[in-house]
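Readers should treat all values here as calculations from the given coordinates under stated rules, not as data from a laboratory. Quantities reported herein were computed from a predicted structural model and do not represent experimental measurements. Please note: Cβ atoms are built from the backbone with ideal geometry, for glycine as well, and neighbour counts cover all protein chains shown.
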Amino acid sequence: MPAVIVVHGGAWAIPNNLAQDSVNGVKAAAREGMSVLKRGGNAVDAVEGAVRTLENNCVFNAGHGAALNTRGEVELDAIIMDGRTLASGAVSCVKNIANPVMEKARAVMEKTVHVMLTGQGANMFAESIGMNTVPTEMLVTQNERKEWEKHKNYVTGVMEDFNSQWAHDTVGAVAVDSAGNVACATSTGGIRNKMVGRVGDSPIIGCGGYADNSSGAVSCTGHGESILKVTLARLILSHIEQGKSVAEASRVSLKYMGDRVQGAGGAISVSPSGQWAATFTTERMAWAAVHNYTLWYGLDPDENLKEPFTY
Ligand code: ASP
């Protein structure tokens, strides 16, 4: 069965000055994810590799370059999930861990008996297994500090921030490997001007991501409080379980979130048989996918560009 990787760089009103870099960033991450699969990696390795590439790219708000909270600090959230066993690892409110955050989420999944570690505990665990810590300030880019300074006196709440261009973006990946195993990964700095200690959807199982070999894998982005209320990743998979196509399940679930809680967002989804979709209700979402020697990508609604993919 041909493997598939799909990645996103966050659903929001991406301004034109970030558009090209965002598209280039997701294309590079999808290429990296597929290279991992071609080198014999499984779906979990592929989503970790793709998200690591995105986290290390300052255009995206995950790890280095993340959005700042009301105190001007970075607090990072991430999840990874393996559809074979439903094993999952997540971290939230992580402060001074060097990129990639995804590596810490995977370590929680593989080296602890827990599913999520938060705040100080997540940092202590990372240090105990020899992961690099960095001064929090090192994760802050000049651009984000400037934007934060500009907007800090106008705190309006995450919904208003999300619907304006103040918000940044989240990154994520889903994959199915040639054995039909699925996985998802999502990583974020959250939303600018969030309260200290706010945890969004991204690290919450069933909300920011979910992976189950019996239905598929999903990674979400968008207004976190809305995604949490409708448990978006599981909602999409439950529609797939009831017979909808991956694209239709994603569309119907995002529409439900809009109608029910007036939240906008996006999702990438893949089924164990290799169906995939990139869907959003925000103005834009940078996404890319590799399937059958073709690299697909887009940014604006209904944009579906492609080019040949060679190794
Ligand atoms: N869902 C993320 C959060 O609310 C933000 C995003 O996807 O842009 O933390």
Expected max-MSF residue from C220, C58, C184 in the GNM of the chain (alpha carbon, under 10 Å) is C58
Taking amide H positions as placed 1.01 Å from N in the peptide plane, with prolines and chain starts having none, which residues 5 or more places from L295, or on another chain, fall under 5 Å of its amide H?
E307, F309
Over the residues of the stretch 4-308, compute the C-alpha Rg and express it relative to 2.2 N^0.38 Å.
0.89
Everything considered on the Cα gyration tensor (a ≥ b ≥ c; rounded for a/c under 1.5, else prolate if a/b is larger than b/c, else oblate), the stretch 1-116 must be described as oblate
Tell me, what HN-Hα J-couplings in whole Hz come from the Karplus equation 6.51 cos²θ - 1.76 cosθ + 1.60 at θ = phi - 60° for each residue of the stretch 194-211, using x for Gly and Pro?
5, 5, 4, x, 5, 10, x, 6, 3, x, 8, 4, x, 10, x, x, 7, 9
Axial C-alpha extent at least 24 Å, average Kyte-Doolittle at least -0.5 - helices from the chain (DSSP)
16-38
Between exposed trypsin sites (Lys or Arg not before Pro) in the chain, where DSSP calls loop and at most 14 other Cβ atoms lie within 10 Å, what's the longest gap?
72-311
Highest-MSF residue in the chain out of I79, I129, I227 [GNM, Cα springs under 10 Å]:
I129
Do any chymotrypsin sites (Phe, Trp or Tyr not before Pro) in the stretch 213-308 lie in a loop, going by DSSP, with at most 12 other beta-carbon atoms within 10 Å of their beta carbon, and if so which?
Y293
Give the percent of DSSP beta bridges with both residues in the stretch 1-128 that are antiparallel, rounded to the nearest 5.
70 percent
Quick one: if you stick a label point 7 Å off each Cα along the C-beta vector at K146 and K255, how many nm between them?
4.2 nm
Where is the GNM fluctuation largest for the chain (alpha-carbon springs, 10 angstrom cutoff): H223, H291, H114?
H114
Using each residue's phi in the stretch 299-311, evaluate 6.51 cos²θ - 1.76 cosθ + 1.60 at θ = phi - 60° and report the 3J(HN,Hα) Karplus result to the nearest Hz, with x for Gly and Pro.
9, 8, x, 6, 7, 9, 8, 8, 8, x, 10, 10, 8
Spin-label proximity, T294 to the stretch 1-33 - amide N less than 20 Å from point 7 Å beyond Cα toward beta carbon
1-8, 24, 26-33
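Could you tell me whether the stretch 27-90 comes out rounded, prolate or oblate from its Cα gyration tensor? Rule is a ≥ b ≥ c as square roots of the eigenvalues, rounded for a/c under 1.5, then prolate if a/b exceeds b/c, otherwise oblate. Provide the component values of the computation, followed by the final result.
Values: a/c = 4.68, a/b = 1.57, b/c = 2.97.
Verdict is oblate for the stretch 27-90.
Under the classification rounded if a/c is under 1.5, otherwise prolate if a/b is larger than b/c and oblate if not, where does the stretch 244-311 fall, given a ≥ b ≥ c as square roots of the Cα gyration tensor eigenvalues?
Details: a/c = 3.45, a/b = 1.66, b/c = 2.07.
It comes out oblate by the Cα gyration axes.
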